[in-house]
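No lab work stands behind these numbers, since they all come straight from the coordinates. Note that the structure is a prediction, hence the values are computed from the model and not measured. Neighbour counts run over all protein chains shown; Cβ positions are idealised from the backbone, glycine included.
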Amino acid sequence: MSNGFMTIKDVAGYLKIKEQTVYRLVQQGKIPGLKLGGQWKVKKDHLDRMFDEILTEKLKEINH
């Protein structure tokens, strides 16, 4: 991972899921990413922020 950008393989390792699953989620727009030079790139900060937002919403649901 360089400059905070992750490949599909990096994301799969980070999330501990299969590369095929990451590829599908990125293509569906469920994980924010860009295709650059024929390869998908995901910014680690965006991935972490996405998880923080999802967790915050889940906590709000639990507390109501």
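What to note about this one:
- Condition check for Leu59 on (1) in contact (Cβ under 8 Å) with a residue 24 or more places away in the chain; (2) loosely packed, with under 12 Cβ neighbours inside 10 Å: one failure, at (1).
- Just one of the listed residues (Gly4, Gly37, Gly13) is out of contact with any strand residue (DSSP E or B) (no Cβ under 7 Å at 6 or more places or on another chain), surrounded by 11 or more Cβ atoms within 10 Å (Cβ to Cβ) and of a type in the set (Gly, Ala, Ser), and it is Gly13.
- Search result, residues across region 1-53 that are assigned to a strand (DSSP E or B) and in contact with a Pro (Cβ under 7 Å, 6 or more places away or on another chain): Val42
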